[in-house]
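Single-structure report; data block below.
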Amino acid sequence: MPIRRKIGAVVGVLVASTWLVASATPAAAAGPCGSGYSRIGVYSIPKSGTKQGTLEVYYNAGSGKNCALAYGSGGNYGKKAYKAVGIATPSSNGWADYDAGDYAYFAGPVYASAKGKCIDLVGAVGSAIRYATNVHCG
């Protein structure tokens, strides 16, 4: 096979594979909580001082469910260390959903149904803790 034909075949394969990769990305667009959730709040962990992580809350207007995650930041991102997240509603006795462990990137997601009600959140990274009370009253 002449060299010109080989190069043309390789270029054709590269173009086809690039197209396939580009068309596969919409599946990842759902976000950390799943499809239909929009991020509605971001809170630094801890509230003041050196940032150790981020507490994020999402809401799905269709289902009325809230979702939360606690991410490590800086040296805590990608490092297996204690991370925790909890979500509570007025009707839950304690945390409606809670996740904690030695995770590399984040704790959660945790979920709670709270359409038309305020929620409370907690996020922890290492020994740093952040509480967010009476948030997203929707």
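Quick look at the values:
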{"read-out": "Interchain or long-range residues, amide H under 5 Å from GLY53's placed H", "value": "ILE45, SER73"}
{"read-out": "Whole-Hz couplings from phi, Karplus 6.51/-1.76/1.60, listed for the stretch 85-102; x for Gly and Pro", "value": "8, x, 9, 9, 10, x, 8, 7, 9, x, 7, 5, 8, 8, 9, 8, x, 8"}
{"read-out": "ILE45, ILE129, reordered so the largest accessible area comes first (probe 1.4 Å)", "value": "ILE129, ILE45"}
{"read-out": "Note, ³J(HN,Hα) from phi for the stretch 46-63, Karplus 6.51, -1.76, 1.60, rounded to Hz, x at Gly and Pro", "value": "x, 5, 9, x, 5, 5, 9, x, 9, 9, 10, 10, 10, 9, 10, 5, x, 9"}
{"read-out": "Within the accessible area of the stretch 53-116 (1.4 Å probe), percent carbon and sulfur", "value": "49"}
{"read-out": "Label zone at ASN134 (point 7 Å along Cα-to-Cβ), backbone N below 18 Å, the stretch 92-113", "value": "92"}
{"read-out": "Highest-first arrangement of 103-115, 32-44, where packing means the average Cβ count within 10 Å", "value": "103-115, 32-44"}
{"read-out": "Point-to-point label distance, LYS117-LYS47, nm (Cα→Cβ direction, 7 Å offset)", "value": "2.4"}
{"read-out": "Area of TYR82 that stays accessible when all protein chains are in place (1.4 Å probe, Å², to 10)", "value": "90"}
{"read-out": "Qualifying lysines (Cα of each under 21 Å from Cα of LYS51; at least 8 residues distant if same chain)", "value": "LYS79, LYS80, LYS83"}
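The values are calculated or read from the model by the stated rules, or taken from the named source; none is laboratory data. Predicted, not measured: the structure shown is a model, and the values here were computed from it. Positions of Cβ are generated from backbone atoms using ideal geometry, with glycine treated the same way; all protein chains shown enter the neighbour counts. Heads up: the accessible areas ignore ligands, DNA and RNA and are worked out on the full protein's heavy atoms, side chains in. Shrake-Rupley method; radii C 1.70, N 1.55, O 1.52, S 1.80 Å.
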